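Working notes, beginning with the structure itself.
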Amino acid sequence: MNADATNEIVDPSLSDAIKDWNDYTAESVKNALIVLEAITPVKDNVQVTQQVIEAFKNTDWQPASKKLLDPEVLAAVGRELAEIQKAAMERLMEGCNQYLVTTQEAGKKFADNLKDVKSPQQFLAAWLESSLDLVKDYQQNATDQASNLGTIQSAYKAWLQSTLQNLSAK
Amino acid sequence: MTSFTVNLRTRVLSALAAAICIFTASQAGAHSQALPAYGADINQTSVSGLSSGAFMTSQLYVAYSDIMVGAGIVAGGPYLCSKSWSLNPLVVNATTTCMNPLTESVGPNTRLLVSLASSLAQTGAIDPLENLQNDHIYIFSGKKDRTVTTDVVDQTYAFFTAVGVPEASIKYDKKVRAGHALITNNDDDTRCALTKAPYINDCDFEQSTVILNQIFPDLKPPAEQLSGEIMAFDQSEFLDSDFTSMSETAYAYVPPACQTEKSCPVHVVFHGCKQGAQVIGNKYYGQTGYNKMAEANDLIMLYPQVQPSNSSPLNPEGCWDFWGYSSPNNPDPDFYSKNAPQVRAVYKMIQRLAEPKPEATVTTEE
């Protein structure tokens, strides 16, 4: 069977849908390689260690011992932590809600895609396109949620350092 | 490394990778010329930029404050921001603390940053911070910007006042309902409140004009049109590191008067992530209003360029370096001092523009 004959058999919408999936797969592989490139645990640990040593060298611990007994200071420290916990919960809830929104919208999108379907191949193409959209949307939700977790972790570390900094301030 | 950090990077980098797919044909050309000398007035230099370009603005501005008269920072955090919290790697601070921190209290650690900047000035790694006190600064944060939030930009204002810039010398605008973008008065650009590529939004005023008016008092309004052409020049001759992520070609606009008889100030303009010429063509260096202000007021506009890079240096979004990617093998990277790879490259371009005009050119023009 030559190429022209194949083109007559395969609906163009199905060819496009398969091409979109192929493109998505290729892009995902590329993204995965970039992510692998970004993971540098040894360098990160050395970097953090150097930064911590530098920060501790510049910290005067004498005031800290006195401030630890100051109820106002301790209340402020607790308040900041409570704010972080509240904001963390809000961000995580936002992320969870976004999953629900994506799921709700997926059904509507699929129904819209089926409107002009006239053959089994077009049905398959519509299903492939809708599935790809859904995968992309879920992936975006997942990366957003991962980012939220990263931001929360970063915030707790910042809070720890901020607390020590405030306690040691004259 | 924890899974959180991996996830964070996954999110940032996968979003970044999407941008790579929209590369337009390279603007870098085989035809770009060497950047000419124009006898520019190096002591009247200024700089502005958006987002990563705003962080880069702070770096060039603070590092070389000897030659600077002002800066425009649009949606950018304070100098050294990614060094805010020692327990986080620089890239984590850059993508959390310096962009959209969980709460204000875990945003940029300005007290520490001022102290670090003072130490750098004492060692000569950057020019004395006292130089900033006579300058004029513009700062902007859009009310709808969730990429670099107002909490972060507030700390840019706090940094500059802490190092002695009078409040009266800083114009801080945070009233516009703008997304994360450079602002124009062009109906064809993105709607004001959105955050969407190419991150140039129509909010009914020309931000480039406001920035330049803040830095240089008594400027004329922008020209209706340009009398010359924007120049593409060979940026690679200024690069002495393999890891800068800077493009082969950059751009400049030099009004006719600055090419011949006048010694003009240089204004450096830094684009943001996903905004280099390789990604969005001439939209940033040609369509944001800077050149028309240059034309009317005899200013030289210099547009250094960064391009995306997927490995060594890892810069998939084509951002300016404010966390250390340009020193990939160094756990204590220098991206902020006079000797930082990108900072020193841009300074060399300014130096070139300030070199005396060649005699032959002057004779020909006259």
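How many of the residues in the range B:246-283 are assigned to a loop (DSSP other than H, G, I, E, B), open to solvent by less than 10 Å² (accessible area, probe 1.4 Å) and either more than 18 Å from residue B:198 (Cβ to Cβ) or modelled with pLDDT under 95 (or both)? So the answer is 3. Number of residues in the range B:130-150 that are within 14 Å of chain A (Cβ to nearest Cβ) and of a type outside the set (S, T, N, Q): the value is 2. On inspection, residue A:22 passes the criterion of being closer than 30 Å to residue A:115 by Cβ, polar (S, T, N, Q) and modelled with pLDDT of 90 or more. Residues that are under 22 Å from residue B:57 (Cβ atoms) and among the hydroxyl-bearing types (Ser, Thr, Tyr) were ranked within the range B:296-317; the one that is most open to solvent (accessible area, probe 1.4 Å) is B:309. With the requirement that a residue be open to solvent by 10 Å² or more (accessible area, probe 1.4 Å) and more than 14 Å from chain A (Cβ to nearest Cβ), what does the range B:151-163 give you? Within the range B:151-163, B:154, B:157, B:158, B:161, B:162, B:163 meet the criteria. Applying a threshold of 6 Å to beta carbon distances and a minimum spacing of six or more residues, or different chains, the list of pairs starting in the range B:268-287 at a residue that is within 18 Å of residue B:71 (Cα to Cα) and of a type in the set (Gly, Ala, Ser) and ending at one that is buried (at least 24 other Cβ atoms within 10 Å of the Cβ) and at pLDDT below 95 is empty. Is there a residue in the range B:280-288 that is among the hydrophobic types (A, V, I, L, M, F, W, C) and within 14 Å of chain A (Cβ to nearest Cβ)? No; the residues of the range B:280-288 include none that is among the hydrophobic types (A, V, I, L, M, F, W, C) and within 14 Å of chain A (Cβ to nearest Cβ).
Of everything in the range B:289-347 that is assigned to a loop (DSSP other than H, G, I, E, B) and charged (D, E, K, R), the residue that is nearest to the other protein chains (Cβ to nearest Cβ) is B:332. Inside the range B:138-148, can you point out the residues that are of a type in the set (Val, Ile, Thr) and either open to solvent by less than 10 Å² (accessible area, probe 1.4 Å) or at pLDDT below 95 (or both)? Hits for the range B:138-148 are B:139, B:148.
Residue count for the range B:136-158 satisfying the condition of being part of a loop (DSSP other than H, G, I, E, B) and among the charged types (D, E, K, R): 4.
The helices (runs of 4 or more DSSP H) falling completely within the range B:33-129 that include 2 or more residues that are buried (at least 23 other Cβ atoms within 10 Å of the Cβ) and within 11 Å of chain A (Cβ to nearest Cβ) map to B:90-95.
At least 3 residues being without any contact (Cβ under 8 Å) to a residue 40 or more places away in the chain is the threshold, and among the strands (runs of 3 or more DSSP E) wholly inside the range B:159-203 those reaching it are B:170-173. If you go through the range A:23-80, how many residues are in a helix (DSSP H, G or I), open to solvent by less than 80 Å² (accessible area, probe 1.4 Å) and of a type in the set (A, V, I, L, M, F, W, C)? Residues flagged as in a helix (DSSP H, G or I), open to solvent by less than 80 Å² (accessible area, probe 1.4 Å) and of a type in the set (A, V, I, L, M, F, W, C) within the range A:23-80 amount to 14. Conditions: (1) crowded, with 17+ Cβ neighbours inside 10 Å; (2) more than 21 Å from residue B:97 (Cα to Cα). Residue A:115 meets all but one. Number of the miss? Of (1) crowded, with 17+ Cβ neighbours inside 10 Å; (2) more than 21 Å from residue B:97 (Cα to Cα), only one is false for residue A:115: (1). Does residue B:347 meet the test of being of a type outside the set (Gly, Ala, Ser), closer than 19 Å to residue B:51 by Cβ and crowded, with 21+ Cβ neighbours inside 10 Å? Taking the combined requirement at face value, the residue does not satisfy it.
The values are calculated or read from the model by the stated rules, or taken from the named source; none is laboratory data. Remember, predicted model here, so these are calculated numbers, not experimental data. In this analysis, Cβ positions are derived from the backbone assuming ideal geometry, glycine residues included, and neighbour counts consider all displayed protein chains. With ligands, DNA and RNA removed, areas are computed over all heavy atoms of the protein, side chains included. Shrake-Rupley method; radii C 1.70, N 1.55, O 1.52, S 1.80 Å.
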